[in-house]
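FYI, it's all coordinate maths here, none of it is from the lab. Remember, it's a predicted structure, so these values are computed and weren't measured experimentally. For neighbour counting, all protein chains shown are included, and Cβ atoms are generated from backbone atoms with ideal geometry for every residue, glycine included.
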Amino acid sequence: MNTYTYPKSRELFARAAKVIPGGVYGHLGPAEGCFMPIDAYPLFSSRSSGPYFWDVDGNRFIDYMCAYGPNVLGYNDPDVDAAVMEQFKDGNCVSFPSPKLVELGELMVDTVDMADWAFFAKNGGDATSFSLMIARAATGRKKVVLTRGGYHGVAPWTQKAGHPGVTPEDVANNLYVEFGDYEALERLFAEQRGQIACFMSTPYHHPVFEDSRLPPDGYWKKVRELCTREGVVLAIDDVRCGFRLDVRGSDAHYGFEADLECFCKALANGWNISAVCGKDWLRDAAGSVMYTGSYWLSAAPIAAALTCVGKMREMDVAKVCADKGRKLTDGLVAASRRHGFDLRISGEPAMWFMRQSDDPDFVLHQAWVAECVRRGVFFTNHHNLFINAALSDDDIAFTLEVADEAFAQVAKADPREAGKRR
Amino acid sequence: MRMVDPTTTARVNLFAVLRTLEGLPAVDAEARAIAADRRETIQFVVGGVGRARLTIGDGAIAFSPGGGASTITLWFPKPEALNAMFAGTGNPIPLKGLTKIGYLKGPFTKLTDRLGHYLRPSPELLADEGYRKANAELSLHTAFYALAEIGNSDPDGRLNAGRMADGGILVAVEGGPSLSVVAKGGRLETRKGEAPENRARMSFSGVEEAGQLLRGELSSYLAIGTGKLSLGGYTPSIDHMNKILGLVPRYLS
């Protein structure tokens, strides 16, 4: 199997570096993306279709990052993109919203189990910040409880004290518990009684660098009861999981009902829109918070979301992605064992996390992922991966072939270490 | 945002800047000549910070943290007094070696001037390849010695050091020096060379690239994207350490 090289990506990065801080910043960039070693990775894409993207050197990749989640139906989904193009003919960013705003609100309320209303913005971080403001407006309290290692965007309140640009005051109202530790949450609520506005959490724990953790049995039911009893708004950050686990919302997937639920990523298959859905009792509070943006009611992404949500419901996208995820991850584990390695899978099948066992410093995993990327399968090292509905059985078979060869390459490159694992 | 605090500044001056004198004879002829002359051990006693000694002689300069035998002892009642000496606005109080004031004002001051020469580059000086290399190597040591002090003392530094898992990070320069930053229980220690605790690595492709990054001519994100700085292993610790590295210029500028 040929391995890829990336001369044009490198040339473009050198140009980017002159005019853009860091060349490519954020999670799509080489630093935050943990591209190790850097020479195994492309840096720019030229086009995409279905489960693939092609880099600027013409190399094709099966993309298991799915743009970090938005690609749920397949890149350039013909139905979603046709709806967008049609809307462009009528207008996009105008002084008044299009009727499609109302249609999408109705569709969200009809689709998401907990939703009595829906509010739209652009990014996941808009939705989580808005949810916190709603909770504060509704309760008159300041504090928010978060889970350690949880990710809710990049607004200052979501970051860590001591990080560049973050003041102690930005995070002064944050309290932290371990995900899944109900007793700790109950203790914290008792200690801070009357001060906590909101408990915000992802539906299951999907941090970077660590195994994903599913909620323990009965956890969410007890948390729901606790929040109700203590007058704390239960906000689920479903930005990453939303629709991939269940089109009714991930709270429905785990058998409970959130007060607020944040969506983005899969909502419009890559078109820029996010949403907060809420319960009736928070409707007035939501309306009272001044929160808006120049493009938040633009019609084209709304048209995309209307079509995307409709398609996800129709095909039961969560089941499709879960089935494909199981097939793929079973095959990856089998490939690892053939070469004396032990690939560990955690989280939900549609957005699994993987690492090698007996590899506490990630050296082996980074080497294997790099060999996969060089052969056209785009994984990242330490973030959960994503399945999209366009992924075919042939794509899975190709991925497993690549994984097998990559394991063989890693074993060959370090036979002493590989031998230890046999 | 928080500015520098005097105790951390004094720790950086005492345990990072003075320690870097160890590397001076290897790159500077004047320093070699001074170190080849008479042997003296200067002890620095800084209230609220601690003690350290510099032994100059036999062609070398050796730094040792903590107190002990000395031929000259300098007392600084509080961190600000040490910082004033480094800023050139204050003098130490000699407790021992009163007859050796001449050594302090002569050879020792010359050594610190030579270190300052290499740590404060100008475009003219950087035009010389030998200077660039010396600047890079000495700056690397100062920066990573300082990093441990900042991680153990500065409020933001302590927050980030506390997030680092136990274990070390190798900071290596291809064809050049290497250091290890070892974390244990949220406290940091910088050692020369490889440490058995190392779990991650941060490698510069060369001395030139290390110098560019330390002088602020090259951003770390750009260095990573171009392969001038490569990372590997247990990267969460590198991420936390880099937050502390970002504080270093505040204390060394």
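The set of residues in region B:212-225 being more than 7 Å from chain A (Cβ to nearest Cβ) and among the polar types (S, T, N, Q) consists of B:Q212, B:S220. Out of A:G165, A:G149, A:G153, A:G194, one residue alone is under 26 Å from A:S212 (Cβ atoms) and either surrounded by fewer than 18 Cβ atoms within 10 Å (Cβ to Cβ) or touching a Lys or Arg at 6+ places or on another chain (Cβ under 6 Å) (or both). It is A:G149. Say we look at region B:243-253 and pick out the residues that are surrounded by fewer than 21 Cβ atoms within 10 Å (Cβ to Cβ) and more than 9 Å from chain A (Cβ to nearest Cβ); which of these is nearest to A:G29 (Cα to Cα)? By that ranking, first place goes to B:P249. Can you tell me which residue is surrounded by the most Cβ atoms within 10 Å (Cβ to Cβ) among those in region A:366-402 that are closer than 21 Å to A:R338 by Cα and of a type in the set (V, I, T)? The selected residue is A:V369. Looking across region A:90-107, the residues that are under 24 Å from A:D246 (Cβ atoms) and touching a helix residue (DSSP H, G or I) at 6+ places or on another chain (Cβ under 7 Å) come down to A:E103, A:L104, A:L107. Out of A:T202, A:T167, A:T158, one residue alone is polar (S, T, N, Q) and in contact with a Cys (Cβ under 7 Å, 6 or more places away or on another chain). It is A:T202. For region B:40-82, the set of residues classified as without any contact (Cβ under 8 Å) to a residue 24 or more places away in the chain and either part of a loop (DSSP other than H, G, I, E, B) or closer than 18 Å to B:Y251 by Cβ (or both) consists of B:D58, B:G66, listed by residue number.
The sole residue among A:G22, A:G91, A:G50 that is within 10 Å of chain B (Cβ to nearest Cβ) and over 22 Å from A:F209 (Cα atoms) is A:G22. The set of residues in region B:157-169 being in contact with a strand residue (DSSP E or B) (Cβ under 6 Å, 6 or more places away or on another chain), within 26 Å of A:V166 (Cβ to Cβ) and buried (at least 19 other Cβ atoms within 10 Å of the Cβ) consists of B:A161, B:M164, B:G167, B:I169. Report whether or not B:S230 is assigned to a strand (DSSP E or B), in contact with a helix residue (DSSP H, G or I) (Cβ under 9 Å, 6 or more places away or on another chain) and either within 11 Å of chain A (Cβ to nearest Cβ) or not β-branched (V, I, T) (or both). So B:S230 fits the description; yes. Restricting A:S357, A:S346 to those that are in contact with a strand residue (DSSP E or B) (Cβ under 8 Å, 6 or more places away or on another chain), more than 24 Å from A:T3 (Cβ to Cβ) and free of Cβ contacts under 8 Å to residues at least 60 places away in the same chain reduces the list to A:S357. Might you check whether a residue that is hydrophobic (A, V, I, L, M, F, W, C) and within 9 Å of another protein chain (Cβ to nearest Cβ) occurs anywhere in region B:192-204? For region B:192-204, residues hydrophobic (A, V, I, L, M, F, W, C) and within 9 Å of another protein chain (Cβ to nearest Cβ): present. State whether one or more residues within region A:53-63 are more than 14 Å from chain B (Cβ to nearest Cβ), surrounded by 22 or more Cβ atoms within 10 Å (Cβ to Cβ) and in contact with a Cys (Cβ under 9 Å, 6 or more places away or on another chain). Within region A:53-63, not a single residue is more than 14 Å from chain B (Cβ to nearest Cβ), surrounded by 22 or more Cβ atoms within 10 Å (Cβ to Cβ) and in contact with a Cys (Cβ under 9 Å, 6 or more places away or on another chain).
Of all residues in region B:170-191, those satisfying the criterion of being over 24 Å from B:Y221 (Cβ atoms), touching a strand residue (DSSP E or B) at 6+ places or on another chain (Cβ under 6 Å) and either in contact (Cβ under 8 Å) with a residue 60 or more places away in the chain or not aliphatic (A, V, I, L, M) (or both) are B:E189, B:R191.
Filter region B:72-103 down to residues that are loosely packed, with under 15 Cβ neighbours inside 10 Å and polar (S, T, N, Q), then give me how many there are. So the answer is 3. The helices (runs of 4 or more DSSP H) found wholly in region B:121-185 and carrying at least 1 residues that are small (G, A, S) and more than 14 Å from chain A (Cβ to nearest Cβ) occupy B:129-153. Comparison of A:D39, A:D79, A:D57 shows that the only residue that is of a type in the set (D, E), part of a helix (DSSP H, G or I) and either at positive phi or touching a helix residue (DSSP H, G or I) at 6+ places or on another chain (Cβ under 7 Å) (or both) is A:D79. Across region A:140-196, the qualifying residues are those that are more than 14 Å from every other protein chain (Cβ to nearest Cβ) and acidic (D, E), and the one among them that is farthest from A:V223 (Cα to Cα) is A:E191.
Scanning region A:88-110 for residues that are in contact (Cβ under 8 Å) with a residue 12 or more places away in the chain, farther than 28 Å from A:I387 by Cβ and part of a helix (DSSP H, G or I) turns up A:F88, A:D90, A:K100, A:L101, A:E103, A:G105. Considering region A:1-25, and only residues there that are assigned to a loop (DSSP other than H, G, I, E, B) and hydroxyl-bearing (S, T, Y), the residue that is surrounded by the most Cβ atoms within 10 Å (Cβ to Cβ) turns out to be A:Y6.
Of the residues making up region A:286-297, one or more are in a helix (DSSP H, G or I), over 23 Å from A:A268 (Cβ atoms) and away from chain B (no Cβ under 14 Å). Checked against the criteria, A:A14 counts as out of contact with any helix residue (DSSP H, G or I) (no Cβ under 7 Å at 6 or more places or on another chain) and free of Cβ contacts under 8 Å to residues at least 24 places away in the same chain.
Output the residues belonging to region A:37-47 that are facing chain B (nearest Cβ under 9 Å) and free of Cβ contacts under 8 Å to residues at least 24 places away in the same chain.
If the condition is that a residue be facing chain B (nearest Cβ under 9 Å) and free of Cβ contacts under 8 Å to residues at least 24 places away in the same chain, then A:I38 is the only one that fits.
Residues that are surrounded by 22 or more Cβ atoms within 10 Å (Cβ to Cβ) and either under 22 Å from the mean Cα position of the chain (by Cα) or of a type in the set (S, T, Y) (or both) within region A:223-244 comprise A:L234, A:A235, A:I236, A:D237, A:D238, A:V239, A:R240, A:C241, A:G242, A:F243, A:R244, listed in sequence order.
Restricting region A:26-36 to residues that are within 11 Å of another protein chain (Cβ to nearest Cβ) and surrounded by 15 or more Cβ atoms within 10 Å (Cβ to Cβ), the residue that is farthest from B:P236 (Cα to Cα) is A:G29. Taken over region A:333-347, the criterion of being of a type in the set (S, T, N, Q) and assigned to a strand (DSSP E or B) is satisfied by A:S346 alone. Scanning region B:176-234 for residues that are surrounded by 20 or more Cβ atoms within 10 Å (Cβ to Cβ) and basic (K, R) gives B:R199, B:R201, B:K228.
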